[in-house]
Amino acid sequence: MRASQYYISTTKESPSEAELISHQLMLRAGLIKRLTSGIYTWLPLGLKIIRKVETIVREEMNKIGGLEILMPAVQPAEIWQESGRWEFYGKELLRIKDRHDRDFCFGPTHEEVVVDLIKKDIKSYKQLPLTVYQIQTKFRDEVRPRFGVMRAREFIMKDAYSFHPDFDSLVDTYNNMYSAYTNIFTRLGLKFRAVNADTGSIGGTGSHEFQVLADSGEDVIAYSDESPYAANLELAEAFMHKSSRDTAQHAMQQVATPTQKTCAEVAKLLNIPLSNTVKSLVFEGIDGHPVLVLIRGDHELNEIKISKIKQVKQPLTFVNLDIIQQYFNCQPGFIGPVGFNGTIIVDREVNVMSDFVCGANLNGYHLNFVNFERDCNEPTLVADIRNIVSGDTTPDGAGKFKLCRGIEVGHVFQLRTKYSKAMNAVYLNQHGKTELMEMGCYGIGISRIVAAAIEQNHDKNGIIFPFNIAPFELIITPANYHKSDITRTNADTLYSSFRQAGVDVLLDDRNERMGSLLADSELLGIPYRITLGEKTLNEGKIELYNRKTGEIKLVELDGAVPHILALVKNHKKT
RNA sequence: CGGGGCGUAGCGCAGUUUGGUUAGCGCACUUGAUUUGGGAUCAAGGGGUCGUGAGUUCGAAUCCCACCGCCCCGACCA
């Protein structure tokens, strides 16, 4: 491709709308252009990257027997009512009406469509298992779109769905999918980690997220420094250090804490470790009465974990001050379990505490040396409801937790029979008996990958694309292309040689100054650059620049093509 | 939806507080000249519903009201 005939719209300044570095660079490099909030046009350069990502994804899906289909983006309300999600999906589902006033939605995901398809076509165990996938535009009316294509409303996603006669078959495909994902993200040249994940609103049992490691990521990943254990913080399980309480050593004692409302302040006043204190949180319960939740003073509540506890009302809601006054007779900051007769849910760490400090249910006072059973009711329920913290022992006991941030680019789920049950997707087994299909679903955020790759690979001059998804593999930047015959002839010859050899090459023949060409090539993140001008050509040499290492070396013009071909082929092997 | 900020040329901004000729600057764009190995210089140009609507006023980018859009911070997810 010749740059003079291509669509390149780079800018020096980044638009004020962009906060995240990848967003800024995508706009500056002219990969995308915003049409409206969370909705973007992909320009030729950006789309070229998307296509390269898609190709890798397709190849790996096909390798494990996935069959590509293309489902409609616009879906009728009926199938969503059938699955029950027309009501449950909420405002994120973009609902539209046709001319007959019938309800439709723009698909945020395709479980309904695919189940409807498969249940009508697949009748026998002989046709199972079956995996289909598509690469398609989705729409989710996000509460807050942000970071460009990272969290867009309209985005491109690969979604795959598998159907099985039994759970073993599902696990089989799930494992194949897991390996395929590992191959995909490896080939994309990304540093990533697969982690145990929450199954969220899609539902189901087993689930892993594929997280691209980046400080700007919205997710927190907890991983073990010794073992393979890794999980989203939302799910990361705390280790049980001890299983029983120590015996009480002291009688309960009321202490004045006139201004100390937080555990940290109380611990400081009493000169005790923060881990000896207990924090009290009050949520609305399902029975209309408040639920008291106890967490060790140095820990944080995990909202996902607590949301799974059936006594707690969904969505998770703190009770208001009046209710606290009514049930605890004090202000928040002095709440505690002593004298409270309602539901008490405690973290496992709290359950094994003795002689601890908590609020006295009396404004201005806390209690020291409190013990369950002796001083207050035993917990109604004991559960793991806290966030793990860096340095905690991992649940396998084999290492310590470390935390880092990640961008979720892929997610695999064992859906089991959630949708086949709701929509009656059944088949006949060997014995002619009707059975529910087992299902899995597997997503990859194609457009998000581009942003994630940039987030992970950039420097002050711009993007450093991993080779396999770079918009071009090689750029030729001639000095004085329009003035110097020798430069133009050599540049053209190199260009056609590389083209014939199958290299994805861009010849920057724009009539710009050298500085602009070089700056653009670096902004665009093209892995290799050949610079040539009369100065070096007269010595029979050209200059080869490696975007990633920053290395510049002079190469003999004669052997340049095979030399660079070898470099390119080496990348393509992976 | 709650809180904060913004809306003036493709991009980045000034002008708004205190209303007053023809609305400015830089980048980008067009033409010409000199240039050309790290984002050139000079000259001449094109490009504006000042977010929209309704008001106040002799006069509104500027003041008032309403609406719309965008960005950032909290509840969602690939």
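Any residue that is of a type outside the set (V, I, T), in contact with an Asp or Glu (Cβ under 9 Å, 6 or more places away or on another chain), touching a residue at least 24 places away in the same chain (Cβ under 8 Å) and surrounded by fewer than 15 Cβ atoms within 10 Å (Cβ to Cβ) - is there at least one of those in the stretch A:374-387?
No: the stretch A:374-387 contains no residue that is of a type outside the set (V, I, T), in contact with an Asp or Glu (Cβ under 9 Å, 6 or more places away or on another chain), touching a residue at least 24 places away in the same chain (Cβ under 8 Å) and surrounded by fewer than 15 Cβ atoms within 10 Å (Cβ to Cβ).
Within the stretch A:1-57, track down each residue that is more than 19 Å from A:F465 (Cβ to Cβ), more than 10 Å from RNA strand B (Cβ to nearest atom) and not assigned by TED's automatic domain parsing to the domain that holds A:I449.
A:R2, A:S4, A:Q5 - these are the residues of the stretch A:1-57 that are more than 19 Å from A:F465 (Cβ to Cβ), more than 10 Å from RNA strand B (Cβ to nearest atom) and not assigned by TED's automatic domain parsing to the domain that holds A:I449.
Rundown of residues vs (1) assigned to a strand (DSSP E or B); (2) surrounded by 20 or more Cβ atoms within 10 Å (Cβ to Cβ); (3) of a type outside the set (D, E, K, R), yes/no style:
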| position | (1), (2), (3) |
| --- | --- |
| A:E435 | yes, no, no |
| A:G440 | yes, yes, yes |
| A:I444 | yes, yes, yes |
| A:I449 | no, yes, yes |
| A:I454 | no, yes, yes |
| A:F465 | no, yes, yes |
| A:F472 | no, yes, yes |
| A:I476 | yes, yes, yes |
| A:N480 | no, no, yes |
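What residue, of A:Y161, A:Y174, is of a type outside the set (K, R), within 30 Å of A:E435 (Cβ to Cβ) and not in a strand (DSSP E or B)?
Just one listed residue meets the conditions, A:Y174.
Test each condition in (1) free of Cβ contacts under 8 Å to residues at least 24 places away in the same chain; (2) assigned to a strand (DSSP E or B) for A:T531 and report the one that comes out false.
(1)
Go through the stretch A:289-323 residue by residue and tally those that are assigned to a helix (DSSP H, G or I), closer than 26 Å to A:V352 by Cα and not hydroxyl-bearing (S, T, Y).
Here the count works out to 4.
Check every one of the helices (runs of 4 or more DSSP H) wholly within the stretch A:1-92 and list those with 2 or more residues that are of a type outside the set (D, E, K, R), buried (at least 17 other Cβ atoms within 10 Å of the Cβ) and touching a residue at least 60 places away in the same chain (Cβ under 8 Å).
Qualifying helices (runs of 4 or more DSSP H): A:21-28, A:44-63, A:77-83.
Check the stretch A:269-282 and report whether any residue there is free of Cβ contacts under 8 Å to residues at least 24 places away in the same chain, over 13 Å from A:V346 (Cβ atoms), among the hydroxyl-bearing types (S, T, Y) and surrounded by fewer than 16 Cβ atoms within 10 Å (Cβ to Cβ).
yes
Sort through A:L367, A:L362 and tell me the only one that's over 20 Å from A:G285 (Cα atoms), out of contact with any Ser or Thr (no Cβ under 6 Å at 6 or more places or on another chain), surrounded by fewer than 23 Cβ atoms within 10 Å (Cβ to Cβ) and not charged (D, E, K, R).
Answer to the selection: A:L362.
Which residue, of A:G502, A:G533, A:G540, A:G515, is within 9 Å of RNA strand B (Cβ to nearest atom) and surrounded by fewer than 16 Cβ atoms within 10 Å (Cβ to Cβ)?
Residue meeting the stated conditions: A:G515.
Working carefully through the options A:K548, A:K569, find the one that is part of a helix (DSSP H, G or I), within 24 Å of A:G189 (Cα to Cα) and either more than 10 Å from RNA strand B (Cβ to nearest atom) or under 41 Å from the mean Cα position of the chain (by Cα) (or both).
A:K569
The values are calculated or read from the model by the stated rules, or taken from the named source; none is laboratory data. Note that the structure is a prediction, hence the values are computed from the model and not measured. We place every Cβ from the backbone using ideal geometry, glycine too, and count neighbours over all the protein chains shown.
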